[in-house]
Amino acid sequence: MAEAAPSPARGPEIAARAGIPLGIAILVCFVTGLLSHWIQHPPAWFWWPAHPVWLYRFTQGLHVITGIAAIPLLLVKLWAVYPRLFRRPRFSPLELLERGSIALLVGSVIFQLATGLVNIAQYYPWKFFFPVAHHAMAYVAVGALAVHLAVKLPVIRDALSRPVESPPSSGISRRAVLNAGWVAAAVAGLAVAGQTVPFLRWLAVLAPRSGEGPQGVPVNRTALAAGVTDRARDPGYRLIVAAGERQRAFTRAELAALPQTTARLPIACVEGWSAAAEWSGVRLRDLLAAVNYRDGDVRFESLEQAGIYRTSVLPAEHVTAAETLVALTINGETLDIDHGYPCRLIAPSRPGVLQTKWLGRIEVSA
């Protein structure tokens with residue numbers, strides 16, 4: 001294989017220089033992805049702030065943009081070293097460790113980037129549950145990266161000490177390969193960055209979510225898909241607010257008659273898209289005062305009868321935030337049913353999957 005594809009541009013000089021930003025991208029994706037996982041499945045010790053209100057939007061946007069930008073860097077890295085991947089091993093313990101870590105690293109990174117890319121488009125041609133697999137494989141990728149760096153550090157140092165400008169005897173130059181990788185990574189990142197960064201929306205040619213949707217905000221799950229259309233429009237609808245034995249039931253008209261608050265908050269989803277809107281409704285802390293709320297987390301239930309995101313738990317830090325609303329309107333209009341009519345939760349710095357729509361019950365956790 002090495003003889004079939006000789007190129008003076010291939011080699012450790014290119015691999016090391018492409019590997020540094022690729023390794024940084026992997027670590028950024030790991031940290032931001034882990035934060036998203038902990039927000040949705042918080043350990044007892046974990047704390048996530050309600051302010052700034054755009055914090056989750058930033059971390060998840062960074063996660064997706066960095067992951068997309070890493071794809072061209074990975075291709076350059078593999079192009080630089082792939083003849084060596086097929087070299088017959090000498091079966092020494094050190095080389096077996098090296099080759100094993102490389103196999104795990106390449107396989108896990110390709111899996112993470114490929115499945116993450118498909119997840120952005122919400123297309124799942126597999127039977128496993130993406131969040132669980134993506135989370136587990138992230139540890140494999142970072143562990144393999146740590147082993148790979150420990151084994152190859154002397155080689156990396158030596159490669160970085162040699163000039164990249166060494167001219168090849170023929171074919172493409174090393175500098176041209178690296179420049180192509182940098183440009184491709186920047187273009188790939190910009191092509192999806194508009195999902196998160198509003199003034200870049202016109203560049204988001206590869207972004208599946210760019211601001212289109214009912215009332216100017218994208219929708220992941222419609223009322224029809226959730227099977228809530230009839231219940232949401234039922235004239236007998238009541239929102240139940242409970243704390244222990246204390247319980248109140250509110251019609252939508254009664255909610256609208258309470259003091260209203262407006263807050264500009266983003267909906268930020270794990271697929272990397274986000275969109276800010278003007279939300280108006282009743283402050284959650286004011287609504288909970290009707291049942292003498294003092295402290296603690298609060299559980300939200302949707303009118304949706306099934307689905308893993310039909311319920312969510314809001315930490316006390318977010319419950320008492322002034323911007324946390326039981327929203328009735330968006331951008332000055334009554335909530336579209338796909339946005340959660342008759343009312344929905346909207347809280348600062350939270351994943352979109354936890355901003356429960358079509359609220360049916362709010363209950364203070366014991």
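The values are calculated or read from the model by the stated rules, or taken from the named source; none is laboratory data. Everything quoted here is computed from the prediction, not taken from an experiment. Because the Cβ atoms are built from the backbone with ideal geometry, glycine has one as well, and the counts that use them run over all protein chains shown. Only protein heavy atoms, including side chains, enter the accessible area calculation; ligands, DNA and RNA are left aside. Shrake-Rupley method; radii C 1.70, N 1.55, O 1.52, S 1.80 Å.
Just to be sure, is residue 164 in contact with a Lys or Arg (Cβ under 6 Å, 6 or more places away or on another chain) and modelled with pLDDT under 85? Explain how you work it out, then say what you get.
Values: in contact with a Lys or Arg (Cβ under 6 Å, 6 or more places away or on another chain): yes; modelled with pLDDT under 85: yes.
So residue 164 passes the test.
Might you check whether a residue that is open to solvent by 70 Å² or more (accessible area, probe 1.4 Å), aliphatic (A, V, I, L, M), outside any loop (DSSP other than H, G, I, E, B) and farther than 21 Å from residue 299 by Cβ occurs anywhere in region 205-217? Write out each step before concluding.
So the first thing to find is which residues in region 205-217 are open to solvent by 70 Å² or more (accessible area, probe 1.4 Å), and the list is 205-206, 212.
Remaining after also requiring aliphatic (A, V, I, L, M): 205-206.
Pick out the ones that are also outside any loop (DSSP other than H, G, I, E, B) and you get none.
Scanning region 205-217, I find no residue that is open to solvent by 70 Å² or more (accessible area, probe 1.4 Å), aliphatic (A, V, I, L, M), outside any loop (DSSP other than H, G, I, E, B) and farther than 21 Å from residue 299 by Cβ, so the answer is no.
Does residue 239 count as over 24 Å from residue 39 (Cβ atoms) and surrounded by 17 or more Cβ atoms within 10 Å (Cβ to Cβ)? Write out each step before concluding.
Values: over 24 Å from residue 39 (Cβ atoms): yes; surrounded by 17 or more Cβ atoms within 10 Å (Cβ to Cβ): yes.
Criteria met by residue 239.
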(Q) Every residue in region 90-136 that is under 18 Å from residue 32 (Cβ atoms), in contact (Cβ under 8 Å) with a residue 40 or more places away in the chain and among the hydrophobic types (A, V, I, L, M, F, W, C), please. (A) 109, 113, 117, 120
Q: Would you be able to tell me the number of residues in region 21-62 that are in a helix (DSSP H, G or I) and open to solvent by 30 Å² or more (accessible area, probe 1.4 Å)?
A: 14
Q.
Could you check region 271-303 and list, in sequence order, the residues that are open to solvent by less than 10 Å² (accessible area, probe 1.4 Å) and assigned to a loop (DSSP other than H, G, I, E, B)?
A. 272, 273
Q: Within region 64-75, identify whether any single residue is touching a Ser or Thr at 6+ places or on another chain (Cβ under 8 Å), open to solvent by less than 40 Å² (accessible area, probe 1.4 Å), touching a residue at least 24 places away in the same chain (Cβ under 8 Å) and farther than 27 Å from residue 177 by Cβ, and answer yes or no.
A: no
Q: Collect the residues in region 242-257 that are open to solvent by 60 Å² or more (accessible area, probe 1.4 Å) and either outside any helix (DSSP H, G or I) or closer than 23 Å to residue 351 by Cα (or both), keeping them in residue-number order.
A: 244, 245, 246, 247, 248
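Let me confirm something: among 329, 334, 320, which residue is open to solvent by 40 Å² or more (accessible area, probe 1.4 Å), under 17 Å from residue 284 (Cβ atoms), over 24 Å from the mean Cα position of the chain (by Cα) and not basic (Lys, Arg)? It would help to see each step written out before you state the result.
Working: 329 fails: open to solvent by 40 Å² or more (accessible area, probe 1.4 Å); 334 fails: under 17 Å from residue 284 (Cβ atoms).
Exactly one residue qualifies, and that residue is 320.
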Q: Report yes if some residue within region 125-132 is at pLDDT 90 or above, surrounded by 14 or more Cβ atoms within 10 Å (Cβ to Cβ), touching a Leu at 6+ places or on another chain (Cβ under 8 Å) and under 28 Å from residue 204 (Cα atoms); otherwise report no.
A: no
